[in-house]
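Heads up: the structure comes next, in structure tokens.
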């Protein structure tokens, strides 16, 4: 598998896994309106994931379509960021995970519109508009919870501390990233750190939350080495397709 | 949590396209005005129903009392001369 294919799969898998996680909220959100809000985020991310998977399949040239890539790869063949496979937890955990992710994805898409791959650039242009709204949603909730009651502040501060170590991976360059950037189709993850920090620090200040201390541990979900949570998620997501291959509406 | 008690209700008005007026489409619960707009966007513009949203606290709307509708509206009933129905409209005029 070429670095280009792998790079696009990382983006696709990250979206797909987070879309699945957000989908788990349907029917369980704290209010009907939030149920729809989270489902909307999920569907935006799923739409982008489908386009990205299709593009990865084209670049690979082995005839694998979006369904085959989504439903017939094993855990170690998934290249999503480890942050997005973390469990939903309570609503505050989900908000923090979403906020850290949205701030990253908006910066990514803003840079990726200049990709030499026309399909990727088009997906990024569409995705940037969606990511801007997602960040508004998750950032708004982070401020409400952080600057809310003593309990909401304490709980969301704990969520932030728990999820923060997973953000190192977002800005860690490896050989795949460097090759994709050198080929002119990808963006170096480390280049996304400054705009992300600006966005995150701004909202954290609004939310009266302190930025957690830096830790040096890096996760490698994007290289197929995952936390213990992804296997269960994939088992649920893929079970229908594996039981009924090729089933359609 | 009792959402009805904790989250105020907002009435939502959507403008379908520029030039038309905002029409009432329903209501959402939200903790504040910004969230009301987001909820309205997610609930009522999923299928491109609008280009503009207004949100108004339901509590801020002053409404006429249905029990008083006779006193309010009955006096207009026999004043048909207020309706512009006594004019001959030329065939060429299509949009009156």
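A short reminder: the numbers here are calculations on the coordinates, not readings from a lab. These figures come from a predicted structure and were not determined experimentally. Because the Cβ atoms are built from the backbone with ideal geometry, glycine has one as well, and the counts that use them run over all protein chains shown.
Observations
- Summed over qualifying helices (DSSP H, 4 residues or more, each -39500 (n - 2.57)) and divided by its residue number, the protein assembly as shown shows a 222 nm mean residue ellipticity of -17000 deg cm²/dmol.
- Among A:208, A:94, A:14, residue whose mean-square fluctuation peaks in a GNM of chain A (springs only between Cα atoms under 10 Å): A:208
- Rh (Kirkwood; distinct C-alpha pairs) - segment A:25-89, Å: 13.8 Å
- Calculated FRET efficiency for the pair residue B:20/residue A:28, C-beta based, R₀ 30 Å, to 0.05: 0.20
- Mean partner shielding of peptide B:33-41, defined as the number of other chain Cβ atoms within 10 Å of each residue Cβ, is 4.
- Inter-centroid distance (Cα atoms) of segment A:159-175 relative to segment A:28-49, Å: 24 Å
- Taking N as its residue count, the alpha carbon Rg of segment A:71-159 over 2.2 N^0.38 Å: 1.30
- C-alpha center-to-center spacing [segment A:185-231, segment B:23-96] in angstrom: 47 Å
- Two-site FRET efficiency, residue A:90 against residue A:183, from Cβ-Cβ distance with R₀ of 30 Å, rounded to 0.05: 0.10
- Hydrodynamic estimate: the Kirkwood radius of segment A:105-249 over Cα pairs, inserted into Stokes-Einstein at 25 °C and 0.890 mPa s, corresponds to D of 138 µm²/s.
- Extent along principal axes [Cα atoms of the protein assembly as shown; Å; largest to smallest]: 83, 57, 42
- Calculated FRET efficiency for the pair residue A:129/residue A:158, C-beta based, R₀ 30 Å, to 0.05: 0.40
- Extent along the principal axes, Cα only, for segment A:15-126: 44, 31, 22 Å, with the longest axis given first.
- Of all the options A:22, A:72, A:83, the one that moves most in a Gaussian network model of chain A with Cα springs shorter than 10 angstrom is A:72.
- C-alpha long axis of helix A:32-60 to longest principal axis of chain A, angle in °: 30 degrees
- Shape class for chain B: oblate, because the ratio a/c of the largest to smallest gyration tensor axis (alpha-carbon atoms, square roots of eigenvalues) is 1.5 or more and b/c is at least a/b.
- Taking other C-beta atoms within 10 Å as the exposure proxy, A:1, B:35, A:237 rank A:1, A:237, B:35 from fewest upward.
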